[in-house]
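A short write-up of the structure that comes next.
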Amino acid sequence: MSTPQNTIAIVYDYDQTLSPSYMQDEVVFPAFGIKGENFWRRCSELVRDSGYDNELAYMKVLLDQLGMDRPTNAELKKLGAKLNFYEGLPEMFEEFREGLLKTAHVAHGIRVEHYIISSGMKVLIDGSRLAPFVRAIFGCEFAEDEQGRITFPKRVISHTQKTQYLFRINKGFLDMAQDVNDHMDAAIRPIPFANMIYVGDGPTDVPCFTVMKKNGGQAIAVYNADDPERVGFKKCYQLSTHADRVKHIAPADYRKGTHLRMLLEQMVEETADRIVEQRKVAVESGTVRAPRH
């Protein structure tokens, strides 16, 4: 039996995609008196000299610098309320709840869901103003000791591991206890890749861009238009023009009427129209006309 594949998923990276700042610099370092320049230099040394993965390096250095005065996850979650985002967020998430889909789309049960896959700290995004509008948030996590203080990396999501979470969304395996490698026929996957849009900012999103392209999904690379050095723009330009990873690039401005907003709205509309048309064709092909006298 097939599954009604009527959900459109918009999946976002976090740092430099939804926010112009790195979450650690923005809320964690000021809260605990950590010097960002020293922190990231130490991370680079671990990666370069000791072969650490980038994400494990920042989690280790954070634990090292906090020493015995480590916070709880609950305390970190409160810091998430201070996170700031690009223009138009979180307003766009709320506006997409109403008025984005046509009457015919709603009649067929079509809906739009938002997901975040980040190599940053999940607990901070959980505490942010975005969280109430997002179906699921995936990110790096810390376990806690008997006193409730963060003590060891519980989950690490590198840029290559992000693709696992695209398949979790595709299969509906949002519970981490579910094995994403379990076989599932395409007809019963709740969100086919053709119903997915991925929004990222650069080379670390290439594995996700590749999965989307190979499986019929869509992707947008975004950049900070306020950067005078155009670093983000150049990365996106390379991904689009020379590497052929994405078809669309746009400034990370989520307000109504912007290039990015219009791209997202058009992609959602065309995807919803396709779902409706497929339903109509399925009904027609599956209907046996009664005999006429």
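The values are calculated or read from the model by the stated rules, or taken from the named source; none is laboratory data. Bear in mind that the values here come from a model prediction, so they are computed numbers and not experimental data. All Cβ positions, glycine included, derive from the backbone under ideal geometry; neighbour counts span all protein chains shown. Keep in mind that these areas ignore ligands, DNA and RNA; they rest on the heavy atoms of the full protein, side chains included. Shrake-Rupley method; radii C 1.70, N 1.55, O 1.52, S 1.80 Å.
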Probe 1.4 Å, protein heavy atoms only - accessible area per residue of region 192-293 in square angstrom: 57
Point-to-point label distance, Ser285-Asp64, nm (Cα→Cβ direction, 7 Å offset): 5.9
Label-point gap, in nm, between Ala104 and His259 - each point 7 angstrom along Cα→Cβ: 3.1
Per residue accessible area in Å² of region 92-167, where ligands, DNA and RNA are left out and the probe is 1.4 Å: 46
Contour minus Cα-Cα distance for Glu146 and Gln238 (0.36 nm per residue): 28.3 nm
Added length on full extension, which subtracts the Cα-Cα distance from 0.36 nm per residue, Glu94 to Ser44: 14.2 nm
Overall Cα dimensions of region 150-193, principal axis frame, Å, largest first: 42, 21, 14
Paramagnetic reach from Val156 in region 18-34 [backbone N under 20 Å; point 7 Å along Cα→Cβ]: 23-25
Rg/Rg_globular for the chain, with Rg_globular taken as 2.2 N^0.38 Å and Rg from C-alpha atoms: 1.10
Rounded percent of accessible protein surface that carbon and sulfur make up, the chain, 1.4 Å probe: 50
Spin-label zone in region 54-74 - amide nitrogen under 15 Å from a point set 7 Å from the Cα of Phe32 along the C-beta vector: 56-74
Among beta bridges that DSSP assigns inside the chain, antiparallel share in %, nearest 5: 20
Entries of Lys35/Lys78; Lys214/Lys234; Lys78/Lys122 with Cα pairs more than 18 Å apart: Lys35/Lys78; Lys214/Lys234
